[in-house]
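Trainee: First the structure, then my questions, so here it is.
The values are calculated or read from the model by the stated rules, or taken from the named source; none is laboratory data. What you see is a predicted model; the values in this text were computed from it and never measured. Virtual Cβ from ideal backbone geometry, glycine too; neighbours counted across all protein chains shown.
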Amino acid sequence: MIVAERKGFEEIAASLSGFRKVLVVGCGTCVAVCLTGGEKEAGLLAAQLDMAAQLAGRDQVFEVACVERQCDREFLDELAARAPEFDALLSLACGAGIQFLAERYDEIPVLAGVDTTFIGVNDNVGVWEERCRSCQSCLLSTTGGICPVALCPKGMLNGPCGGTADGQCETDPERACAWTLIYERLSRTGRLENLARLVPLRDNARASLPGRRTHPAYQRRYSAHA
Amino acid sequence: MPEFSQALSQKEFVVTLELDPPRGVDTTRLTETAKALQGRVDAVVISDHRGATPRQSPLWAAHLLRESGLAVVLTMTCRDRNRLALTGDILAAGAAGLQSLLLVSGDFVTLGDHPGAKPVYDLDSVQALQLAEVLRAGSDLAGQALTGAPELFAGAVAAPAATPLEPQLIKFRKKLQAGAKFIITKPLAEAGQLRSFLERSGGVEIPLIAGVEAAGPEALDDAARLLADLRGSGMARGVHLSMPSAPERLADLLKACGL
């Protein structure tokens, strides 16, 4: 899932100065699961903003909405009747959701209430960890299901750098060296021969450009001749 | 002009020293140190933004030292250059007559004093060696013929002190396979680290230079002891000294171990 963290309150409050009526829009999917931008967090933030505005004597009104997914037009349409009543929309979705909300309601200023951090996993209660850089050329079949692109800060493809100490990364003694983990898992599963191959240079051409993907079953529908 | 490769073929035991380019335009200290090093070291290894801190481009510093009559090994990291920039700098080095390259991945940016810099690592150190081989053979990575291929003597780093060792050995074998012509190890704590590395490596046919670090003046004695151990062991074709705080203390160190 996509993991995000909420921006600091001061930054959010400052970005909303000058807007009288603000709709705080939560998203019910990834950011809700990571306890950042779901319905509950949107409600809490709106209450906090409201209180701060009252204390500062600012004439501001904050209301709350939450849609299932801000990255889906179908759900954004649910706001069609309400959105035009507001001077600004404060989105608590990931960067993709924020942009889609801004595109759908493009006459209303849309502001970001979260920083999108990574594609990751729920490692423990309240703990998330990055696992994927969406590099568009997955190596996991050969690296024992551990991604060197996401988990090695240098993204080394041919093995560890020389900075590994006691199996930890040179960038942080608390972080495991991805290549140590890869080596250990491949060793346990008898697949160390995977590491002998010289891995060729990555083709970054696709991942360097904004991605767009059409499912094969829909390609005819969207082709010029359809 | 003396070349590192010549020193390796002519001398039984070589001494190289790491030097940093200045953090500014004043190269006086660098050239003075170089003058003092004449005849004392077989090559100077010019670092490349060591510790991920900005300095003059090592290309210029390497050029200056070569002009002053020293054999030079030019370090090039993958940290700050994508494949275009690596190609360009290797070609520039070749054009300047700087044949000896040490191709490394490079200390990570967050370890330096510009932690917000974007790390590149388009290639890793194995792939950088492959790039050097491609260029040496006369074309670039797109297969386009070069107008003049660089003469290169490209080496790599090994890390016998890193743990666990086995993944390092796998990477090391790839570096040999990718065409490394020499190896310089990262600093060793004791000669035994190199011994177990060599025993487990399955044999090293190319010259291996053992890294010795004297981090401060108080570390000179330890460095001298290690240097003597390494020289006596016959395991390495030489030593590579890094004395970041005081390269001018090199003379004391060499004297201390009779070199």
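Trainee: For segment B:124-143, which positions are assigned to a loop (DSSP other than H, G, I, E, B) and in contact with a strand residue (DSSP E or B) (Cβ under 9 Å, 6 or more places away or on another chain)?
Mentor: Once the filter is applied, which keeps residues that are assigned to a loop (DSSP other than H, G, I, E, B) and in contact with a strand residue (DSSP E or B) (Cβ under 9 Å, 6 or more places away or on another chain), segment B:124-143 yields only B:G138.
Trainee: Moving on. Do you know which residues across segment B:175-222 are touching an Asp or Glu at 6+ places or on another chain (Cβ under 7 Å) and in a helix (DSSP H, G or I)?
Mentor: B:A191, B:L220
Trainee: List every residue pair whose Cβ atoms lie under 8 Å apart, where the two residues are 6 or more positions apart in sequence or sit on different chains, the first residue falls within segment B:211-239 and is under 15 Å from B:L250 (Cβ atoms), and the second residue, located anywhere, is modelled with pLDDT of 90 or more and hydroxyl-bearing (S, T, Y).
Mentor: These pairs meet every condition: B:G211/B:T185; B:G211/B:S242; B:V212/B:S242; B:E213/B:S242; B:A214/B:S242; B:G238/B:T16; B:V239/B:T16.
Trainee: (1) of a type in the set (G, A, S); (2) under 20 Å from the mean Cα position of the chain (by Cα); (3) at pLDDT 95 or above: which one isn't true of B:G138, the others all being true?
Mentor: Only one criterion is unmet by B:G138, namely (2).
Trainee: Can you find even one residue in segment A:154-166 that is on the phi > 0 side of the Ramachandran plot and small (G, A, S)?
Mentor: yes
Trainee: Return the residue satisfying two criteria in turn: it lies in segment A:178-202 and is within 10 Å of another protein chain (Cβ to nearest Cβ) and among the charged types (D, E, K, R), and of such residues it is nearest to B:N82 (Cα to Cα).
Mentor: A:R202
Trainee: Then there's this: Hey, among the residues in segment A:150-177 that are more than 10 Å from every other protein chain (Cβ to nearest Cβ) and aliphatic (A, V, I, L, M), which one's surrounded by the most Cβ atoms within 10 Å (Cβ to Cβ)?
Mentor: Within segment A:150-177, the match that is surrounded by the most Cβ atoms within 10 Å (Cβ to Cβ) is A:L151.
Trainee: Okay, moving on. Does A:G190 qualify as being in a loop (DSSP other than H, G, I, E, B), modelled with pLDDT of 95 or more and exposed (fewer than 14 other Cβ atoms within 10 Å of the Cβ)?
Mentor: yes
Trainee: Within segment A:114-122, identify whether any single residue is within 18 Å of the chain's Cα centre (by Cα) and in a loop (DSSP other than H, G, I, E, B), and answer yes or no.
Mentor: No: zero hits.
Trainee: Also, quick follow-up: Which of (1) exposed (fewer than 15 other Cβ atoms within 10 Å of the Cβ); (2) touching an Asp or Glu at 6+ places or on another chain (Cβ under 7 Å); (3) at the interface with chain B (Cβ under 7 Å from one of its Cβ atoms) is the odd one out, the single condition A:S137 does not satisfy?
Mentor: (3)
Trainee: OK, next. Across segment A:195-206, what is the number of residues that are exposed (fewer than 15 other Cβ atoms within 10 Å of the Cβ) and either assigned to a helix (DSSP H, G or I) or not assigned by TED's automatic domain parsing to the domain that holds A:G145 (or both)?
Mentor: 2
Trainee: Taking the condition of being in contact with a Gly (Cβ under 9 Å, 6 or more places away or on another chain), farther than 18 Å from B:L102 by Cβ and either within 14 Å of chain A (Cβ to nearest Cβ) or part of a loop (DSSP other than H, G, I, E, B) (or both), how many residues in segment B:144-163 meet it?
Mentor: Qualifying residue count, segment B:144-163: 4.
Trainee: Name every residue in segment A:193-226 that is aliphatic (A, V, I, L, M) and under 26 Å from B:G106 (Cα atoms), in order of residue number.
Mentor: Within segment A:193-226, A:L195, A:A196, A:L198, A:V199, A:L201, A:A205, A:A207 qualify.
Trainee: Wholly within segment B:1-120, which helices (runs of 4 or more DSSP H) include no fewer than the required count, namely at least 2 residues that are surrounded by 20 or more Cβ atoms within 10 Å (Cβ to Cβ) and modelled with pLDDT under 95?
Mentor: Once the helices (runs of 4 or more DSSP H) in segment B:1-120 are filtered for at least 2 residues that are surrounded by 20 or more Cβ atoms within 10 Å (Cβ to Cβ) and modelled with pLDDT under 95, what remains is B:28-37.
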